[in-house]
Every structure is written in C-alpha cells, then in structure tokens.
Amino acid sequence: MARRSVRPPPSPAPGHPTVRSLADAWRSGVFKSPHQSALQVDGASISYRELDERARSIAAAISQADPTGAPVAVLGQRSLDAYLGVLGAVLAGRTYVPLHPGFPVDRTGGMLRRSGAATLVVGPEADEVARPLLESHEGALAVLFPTRRLPEWSASSGMGLRLDARVIATTPHVETPMVSDESIAYLLFTSGSTGMPKGVGVSQANVSAYLSHAVSAYGYSPADRCSQMFDLTFDLSVHDLFATWMAGACLCVPTKRATIAPAKFIRDEEITAWFSVPSSAMLMDRMRTMKPGAYPSLRISLFCGEALPASVAQKWSAAAPNSTVHNLYGPTEATIAITSYEWTANSGSGAAVPIGRPFPGHEVAIVDTSGCTVGEGQRGELCLAGPQVTPGYWNDPERTAASFVVLPHSSDRWYRTGDLVEWSPSDGLIFHGRIDDQVQVMGFRVELAEVDAVLRAALHTESVITVSYPAGPAAEALYAFAVRDGDQGGEAAALATCREVLPPYMVPKQVFFIDHLPLNSNGKIDRAALSKTLEGRAK
C-alpha cells in the first residue's frame, strides 16, 4: 500500500492534556512547575513563575504599543530577550516572527516588511543589525528592549515608539486573549526557488496537534532537562521551546560555541531530552566525542531536518545507552515533524534510517507525476494530509495552489513535499532524496535556484550552477561552478555579493570557473557530475 491513514485523534498520556494554542502550552508548564527552572540561558536560571511574570509584562507592552493585533517580530538569538519576545508575543495573542541577527540586513528587512509586523523585540546581541534595519524600515514600528534601558543608538535610528525594561515592567498586565484555531501562531521564512524567501504561517491548530502528540509520545515531564540546539528561525526550535514548557521541564540553552561542540554541554547540564539535526551528531563523531557511555543522562534522542545515517544512529545509541533514538521527518509546511521511526540495533541494513510512519490522525500518500498513488515498493512523491498541514504560503496564493492540492480520488487537502520516497511494510517510509533541486545544508532547507539567481547577477552570466557537497540529502556546504567569461567578476566579488544577500549557510564556499557546464542525457545541466568533480577539490 502506498497510502497510510490513521484517523483517530491522538490520545495524550495521563498528565498531558491536549492544548489549543501556544499560550495553553506555556500555561501548562506554569501550572505544573511554578517554582522550577523554566529556562537556563547566559548562566542564569529563571523559574516558570518569574518568566511568566516578565513575559506578561512584555505582552502588556505589545498590546499597549500596538492594539491592532499585528504580528510581533523578534530579532534575537539565544538570549533572555529573545525568549521573552517569543513568550510576550504568544501571551499577547499575536503571531511571532523570528528574525536572525546573523542574516543580511536586506534579507531580514524584506521578511520584516512582508510579515506585516508592527512591533519589533530587539535583543542586545542584535544591535549591530538592528540599527540599519530600523533606519531602512518604512512604516510605523514599536520597538521593545525587554531587559535593558534604551541603547544609545536607538535615539538616532529614526524609529517611532520605543519601550525599554523600565517602562515594560510597569505596564499593567492584561488577560491573554482567546485566539482562534485558525489564527497564525508563528511565521517562518524558508528558502524560495524564485529568489525570495517563502513565508509559512503555522496555525494554532497545527502546532497544538503536534505538541499534544509529541509531549505524550516522547514522555516529556517536569524532570526533563531539554536541549535547545536550533536557531529560532528554524521551525524545530518550536519543539525545543514549547514541548519543554508544556511539560513543565527546563529548557537548557547552550552558547553558540557549544552548539558546534555540545559534548560538554550535554554532560555538564545533565541533558535528558536531546533534539538536533543529524549533522550535529556527525560532527561530534568526527571530533571523537561519541564514545560508548559518554552521555548516560540522555533518556530520549530525537533527530530531524536531514537524513540520519544508520552508522551515526548506532554510535549515538552506544554513546547514550539509556536513550531511545527516534528519526523524525517533516517539512515546515507540515509543522515541525509528522512521521517518526524508532531506531534499534535490529533496524534494517540501509545506509540511512527510515523516516517511518505518520503520527496518529495523519495520512501519507506516495504518488506519480499525475498524482495517482504508486504501488508498494515503488518510488514516488510524498504527499501529506492531516491537522498539521499548514494553511499555505504567506500572502502567496499562487505558490499555495501549486503545493497544497487535492489528489485524484481524494477529497482531502494534501501538501506536496517534493520528497522522493517508497513504502516498506516493515519500516514505513524510506527517503530517497528530492524530485527537484532543493537540498538540506546542515539541516537548513536551501533552494539551489535561489543561490543560482544571486550568482548569475553577480557574475553577469546565465552559465552558473550551485551544487551541494557531499552529494546526497545531508550536505555540509555549497559550491558553485561558472563558465569562464572575460567580462565577469571574480570569485571574491561574487561571494561578497552572496554574503550581502544570503544567510551564511547559503553562501558557497568556493566558485570554480570551468569551460562548460556538463549536460545529462536529457540535455539538462548535470549537477551530479559537478558534485562528483568536487571530490578532492572541495575545501
């Protein structure tokens, strides 16, 4: 069978009721663990009660500064300000829009404009980008500084209403408004093939369905100490924050340096619940920090975002002997993750761990180019249906109509993932890559066409192509090839242009100039052949 359906809604375990919103998930943790640590960041531990009090002050300030109900953008990363900004937006009943302070200003400015945000929360780690961002922004924007006085640069940035920690703390609290199931809980921007990031709005119903399942299925409790490995602009961070808080557990935030080499962080913080991209484990393996028995505190280990090599799963299981290992799968458009596979020593002999079976209440279909289901064991495009499938792309009905479809012989609304899979009776879904030129780089989704567009403009040529390396679903970097042309600029100038408009993980490491681009038997540029030439050449 190429289609699987499990229609009954998920039944939460005792002590884990279903939730209807992110605010409900937060209130669940405050009720369960009022005096326990909710957040450990920058060397400080903050209890649920204290964090709730401060977040409510942020929510009140947001409501006072902007009574229209517009989204709230949060420009920050791994700081108390960033987490307060997210919680403040949630408790004000608003959509939160995470913005990365490490991304180019023009790219971030475009996301801010397209989101329609009327409030911006700024962490001190984002000051360098906040000033030019605000100077270039058109329209009214209230700016909040949750834990500090107004920075000096804010006086000359041309911004409107400014609220700092003193004002925020004295703003009278308001009740958290009721939000509808269809209202957007958070808005994320992903790489787009047209050169413009795609906005994905995830509804309260979408994320509530995920959290109600995940907290129960993976046994989260107030005793857990949970990792926070993902940037807030990565949708898997929503699991980090709200699965932890819904259970009344402690969210442990590593430093930026510790996210690259997290072995000491796991041991020192006695992490019990781990969640990361497989690349993190692969890097730890290369650093020889995955020795048997290295992480006895872990009880559950989740991986998502890219293919999980079976060899890595095996080594992780030995390093964390008290932990189960689960491989999760799910695009942003289907809310964090939607299928799961528990790896065991008796798992199949494939190079990559299967992505498994859909969560309860969801369906998967494997279809051919006409949208008809394929037979068991045959490969086709994976389509998803169920309560976690999002409404579509933000203010983009054309893209939404192309990706969210009704399949033949089905009245359901399906999301076309673009992922190539087959169904195994024993293991569920087996992932075989993409049907297009989308890749994963260290877990981040990248449309190669977006990088190509920037390089074509920078090099003044259409003969340029970007590839990922190593070839396959779990790439570590991008490289570009361009046909030699006497009028084009050099590698340094092209890469400088990329750094001005693309996030760091989308900037190629090198540009190679060649006489011609190879073609395959269909007359198309052969990316696979170019990837193969990188062996021994890639830095």
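The values are calculated or read from the model by the stated rules, or taken from the named source; none is laboratory data. If you're wondering where the values come from, they're calculated on a predicted model, not measured in any experiment. Cβ atoms come from the backbone with ideal geometry, glycine included; neighbour counts cover every protein chain shown.
If only residues of region 93-117 that are in contact with an Asp or Glu (Cβ under 9 Å, 6 or more places away or on another chain) and without any contact (Cβ under 8 Å) to a residue 40 or more places away in the chain are counted, the one that is farthest from PHE242 (Cα to Cα) is VAL105.
Taking the criterion of being in a helix (DSSP H, G or I), free of Cβ contacts under 8 Å to residues at least 60 places away in the same chain and not hydrophobic (A, V, I, L, M, F, W, C), the residues of region 383-408 that qualify are PRO397, GLU398, THR400.
Report, by residue number, each residue of region 334-371 that is within 16 Å of LEU407 (Cβ to Cβ), at pLDDT 90 or above and either under 23 Å from the mean Cα position of the chain (by Cα) or not in a strand (DSSP E or B) (or both). Explain how you work it out, then say what you get.
Initially, region 334-371 is screened for residues within 16 Å of LEU407 (Cβ to Cβ), giving 334, 358, 362-371.
Filter once more, so that each one left must be at pLDDT 90 or above: 334, 358, 362-368.
If the condition is that a residue be within 16 Å of LEU407 (Cβ to Cβ), at pLDDT 90 or above and either under 23 Å from the mean Cα position of the chain (by Cα) or not in a strand (DSSP E or B) (or both), then ALA334, PRO358, HIS362, GLU363, VAL364, ASP368 are the ones that fit.
Residues of region 508-534 that are at pLDDT 85 or above and farther than 14 Å from VAL464 by Cβ: LYS509 alone. Counting the residues of region 300-314 that are buried (at least 19 other Cβ atoms within 10 Å of the Cβ) and over 19 Å from the mean Cα position of the chain (by Cα) gives 4. In region 284-295, is there at least one residue being over 18 Å from TYR329 (Cα atoms), under 24 Å from the mean Cα position of the chain (by Cα) and surrounded by 18 or more Cβ atoms within 10 Å (Cβ to Cβ)? Yes, that holds for at least one residue. For beta carbons closer than 7 Å, sequence separation of 6+ or different chains, a first residue in region 243-261 that is on the phi > 0 side of the Ramachandran plot and a second that is of a type in the set (Lys, Arg) and surrounded by fewer than 22 Cβ atoms within 10 Å (Cβ to Cβ), the qualifying pairs are GLY248/LYS32. In this entry, LYS256 is excluded by the filter for residues that are over 28 Å from PRO358 (Cα atoms), modelled with pLDDT of 95 or more and either surrounded by fewer than 22 Cβ atoms within 10 Å (Cβ to Cβ) or among the small types (Gly, Ala, Ser) (or both).
Residues in region 369-382: is at least one touching a Ser or Thr at 6+ places or on another chain (Cβ under 6 Å) and crowded, with 17+ Cβ neighbours inside 10 Å? So that I can check it myself, show each step before the final result.
We begin by selecting, within region 369-382, every residue touching a Ser or Thr at 6+ places or on another chain (Cβ under 6 Å); these are 382.
From the residues that got through so far, the ones that are crowded, with 17+ Cβ neighbours inside 10 Å too are 382.
Among the residues of region 369-382, at least one is touching a Ser or Thr at 6+ places or on another chain (Cβ under 6 Å) and crowded, with 17+ Cβ neighbours inside 10 Å, which makes the answer yes.
THR190 fulfils the conditions (1) at pLDDT 95 or above; (2) crowded, with 17+ Cβ neighbours inside 10 Å; (3) not acidic (Asp, Glu) except for a single criterion, (1). Any residue in region 36-52 that is of a type in the set (A, V, I, L, M), buried (at least 20 other Cβ atoms within 10 Å of the Cβ), under 23 Å from HIS173 (Cβ atoms) and at pLDDT below 95? No - not one qualifying residue is present in region 36-52. Of the helices (runs of 4 or more DSSP H) that lie entirely inside region 70-179, those containing 2 or more residues that are surrounded by fewer than 18 Cβ atoms within 10 Å (Cβ to Cβ) span 105-115, 127-136, 165-169. Per this entry, TYR479 is counted among residues that are touching a Phe, Trp or Tyr at 6+ places or on another chain (Cβ under 7 Å) and either at pLDDT below 80 or buried (at least 21 other Cβ atoms within 10 Å of the Cβ) (or both).
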